[in-house]
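A.B. asks: Here it is, the structure, as structure tokens.
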Amino acid sequence: MSQNTKYALLACDVFKEELTTFGGETPPWHRIEYLEMGLHDQPDNLRSEVQAAIARLEVDPAIETVLLAYGLCGNGLLGVHAIRCPLILPRAHDCISILLGGTAPHNEILKENPGTYFYSPGWVRGKRVPGPDREAHIREVYSARYPDDDEMVDDLVEADAETFAHHSCAAYVDLTQNADAETYCKDCAKHLGWQFRRLQGDATMLQDLLNRNWDDTRYLTVPPGHSIALNNQSELVSEPS
Amino acid sequence: MNESLNQLTTAIKAGKRKDARAATAAALEAGLPPQSVLDALTEGMNDVGVRFKANTIFVPEVLVAARAMQKSMDLLEPVLIASGIEPEFSIVIGTVEGDLHDIGKNLVMMMLKGANFKVIDLGVNVSAEAFANAVAEHKPDLVALSALLTTTMPAMESIVCDLSRIEPPIKIIVGGAPITPDFADQIGADGYSADAASAVELAQKLCANAQ
């Protein structure tokens, strides 16, 4: 594939801030499509949404390659394939690995403190991160579902908070100098009684994806008719569909 | 089915812990067989598992249902033991080192209790050494490992590898969102299940085969 390869970028909406910044006024992609963030909660759903989006993009004859701004994402990308175009994606666990520049720093941070919960500008915008807005959202959703049962609503809000009970650190990763999102993360940490940590992101993995620096050690190329898979060493590989 | 058992199943499905406790007390006071109370609980929790898988309910609803089941179990367990219904099999369970996500593990645990397993819960972020120590201490029929993150799948592999050296051999089952049957095979686990209800069936099958 040449440096002029025309590509479509299929990205998780969580990357909108970074991609808007890096893309600038003359973005390197021919087309871009975002899918909503959080689809990894149901990996089968993520897989079918990504698959359907690839099919939509492949219809455009100008597109030669489809880039995926996704990692493994709870194994939701396994089995994904294209019919006509090669697929290229970073070798990463998820968006956090990508924002940190690879799986190695991601693994290192989690090894240091498995109770780390990652925040980024996209996740902050989505208000899905643990914190006061999430609690208010959960209360609103369940108040609508159980309008006459305050006790049940309280129980459900408490149960949602319980899902983060073992976490202890709000770690903010930013490649775009978004002071508002950083402050928001600090406020969430304070609200939850967690430590706040600012992590130094590394833009290389995302920028090299956009700039066609697709070396095999950091990016997987999936030929048409092949699918994304994991080998025995849990490494991303392509295999015949 | 008896009215209080119906009420118990309904209370579990709805995650109403006070109602679950009251219905359990009523059923036991009425002299209903404790096994029938356990069955009513399991029926409720099975329904919760099915709706969770179908995305019609979400994690908080599963958690309140599990709490309601625990309230019922608190009353039921002493009666089960007093009536001679003791757990036939035991299982050591935990999330693997580096993984703090325990919702799936807790759901499996409740379902196993409902199927009358003795469950030794090691909690979250459990090392291979801690699993091995628990196996030596409790001599369970099975060990169950859970992982939610792809980052902790290597830890699951190394724990299975360490536990496979234990004598006498211990059977290991694995599960969690990123785990696949292929991965379970590849790391040498004895079984994999995709959800809590099938984890119970798998555990029952492996324990029965070992007898």
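Each reported figure results from applying straightforward, stated rules to the coordinates on display, with no laboratory input. Please read all numbers here as calculations on a predicted model, not as lab measurements. Glycine gets a Cβ as well: all are built from the backbone with ideal geometry, and neighbour counts include every protein chain shown.
A.B. asks: Test of understanding: ordering B:THR10, A:THR217, B:THR42 by Cβ neighbours within 10 Å, fewest first, what list do you get?
C.D. replies: So the residues, fewest neighbours to most, are A:THR217, B:THR10, B:THR42.
A.B. asks: What residues have an amide H closer than 5 Å to that of A:VAL237, excluding those fewer than 5 places away on the same chain, when H is modeled at 1.01 Å from N in the peptide plane?
C.D. replies: Long-range HN contacts for A:VAL237: A:ALA229, A:LEU230, A:ASN231.
A.B. asks: P(r) for the range B:3-82: what percent of alpha-carbon pairs falls in each 10 Å bin, starting at zero?
C.D. replies: 22, 54, 20, 4
A.B. asks: Moving to a separate point now. For the pairs A:LYS111/A:LYS186; A:LYS186/B:LYS53; B:LYS105/B:LYS205; A:LYS16/B:LYS53; B:LYS16/B:LYS205; A:LYS16/A:LYS111, note any where the Cα-Cα span goes beyond 24 Å.
C.D. replies: With Cα atoms farther than 24 Å apart: A:LYS186/B:LYS53; A:LYS16/B:LYS53; B:LYS16/B:LYS205; A:LYS16/A:LYS111.
A.B. asks: Where Lys and Arg each count +1 and Asp and Glu each count -1, what net charge lies around A:ALA165 among other residues with Cβ under 12 Å from its Cβ?
C.D. replies: Spelling it out: positives minus negatives among the neighbours equals -4.
A.B. asks: A further question on this structure: I need two numbers for the range B:123-211: Rg to one decimal and Dmax as a whole number, Cα atoms only, in Å.
C.D. replies: 12.2, 36
A.B. asks: Still on this structure, I have one more. With Cβ to Cβ distances under 15 Å as the rule, what net charge do the other residues near B:ASN2 carry (K, R +1; D, E -1)?
C.D. replies: Local charge sum for B:ASN2: -4.
A.B. asks: For the range A:143-208, what's the radius of gyration and Dmax over Cα atoms, in angstrom?
C.D. replies: Calculated on Cα positions, Rg and Dmax stand at 16.9, 53 Å.
A.B. asks: Further question on the same structure: Let me know the whole percent of all Cα-Cα pairs from chain B that are separated by more than 24 Å.
C.D. replies: Counting pairs separated by more than 24 Å, the tail of P(r) holds 41 percent.
A.B. asks: Distances longer than 26 Å among the Cα atoms of the protein assembly as shown: what percent of all pairs is that?
C.D. replies: When all Cα pairs of the protein assembly as shown are counted, 61 percent exceed 26 Å.
A.B. asks: Translational diffusion coefficient of the range A:103-200 at 20 °C, 1.002 mPa s, Stokes-Einstein with Kirkwood Rh over Cα pairs, in µm²/s as a whole number.
C.D. replies: 149 µm²/s
A.B. asks: Still on this structure: What ranking of A:ILE228, A:ILE98, B:ILE57 emerges when the number of other C-beta atoms within 10 Å of each C-beta is taken as an exposure proxy, fewest first?
C.D. replies: Exposure proxy ranking, most exposed first: B:ILE57, A:ILE228, A:ILE98.
A.B. asks: Taking a quarter of the surface of the convex hull around the Cα atoms of the range A:44-146, what do you get in nm²?
C.D. replies: Result: 9.1 nm².
A.B. asks: Magnitude of the Cβ-charge dipole of the protein assembly as shown, K/R +1 and D/E -1, about the Cα centre, nearest 20 debye?
C.D. replies: 320 debye
A.B. asks: In a shell of Cβ-Cβ distance under 11 Å around A:CYS85, excluding A:CYS85 itself, what net charge do Lys and Arg (+1) and Asp and Glu (-1) give?
C.D. replies: Summing Lys and Arg as +1 and Asp and Glu as -1 gives -1.
A.B. asks: Tabulate in residue order the Karplus-calculated ³J(HN,Hα) for the range B:187-201, using 6.51 cos²θ - 1.76 cosθ + 1.60 with θ = phi - 60°, rounded to whole Hz; enter x for Gly and Pro.
C.D. replies: Ordered by residue, 3J(HN,Hα) equals 8, x, 6, 8, x, 9, 9, 8, 8, 5, 5, 6, 5, 5, 4 Hz.
A.B. asks: In peptide A:152-162, what is the residue-averaged number of other protein chain Cβ atoms found within 10 Å of each Cβ?
C.D. replies: The per-residue average across the peptide is 5.
A.B. asks: Cut-off is 10 Å between beta-carbons; in what order do A:MET205, B:MET69 appear when sorted fewest neighbours first?
C.D. replies: Lowest count first: A:MET205, B:MET69.
A.B. asks: Please list, ordered by chain and number, the residues whose modelled amide H lies under 5 Å from the amide H of A:GLY74; skip anything fewer than 5 residues away on the same chain.
C.D. replies: Here the answer is B:THR150, since their amide H atoms fall under 5 Å of that of A:GLY74.
A.B. asks: Per-residue ellipticity at 222 nm for the protein assembly as shown, helices alone: DSSP H runs ≥ 4 residues times -39500 (n - 2.57), over residue total, nearest 500 deg cm²/dmol?
C.D. replies: Helices in the protein assembly as shown give a 222 nm mean residue ellipticity of -15000 deg cm²/dmol.
A.B. asks: If you average the alpha carbon positions of the range A:35-49 and of the range B:11-50, how far apart do those two centres end up, in angstrom?
C.D. replies: 35 Å
A.B. asks: Express as a percent, rounded to the nearest 5, the fraction of DSSP beta bridges in the protein assembly as shown (both residues included) that run antiparallel.
C.D. replies: If I count the DSSP bridges inside the protein assembly as shown, around 20 percent turn out antiparallel.
A.B. asks: With no solvent and one point per C-alpha, what does the Debye sum give as log10 I(q)/I(0) for chain A at q = 0.08 Å⁻¹?
C.D. replies: Log10 I(q)/I(0), no solvent term: -0.33.
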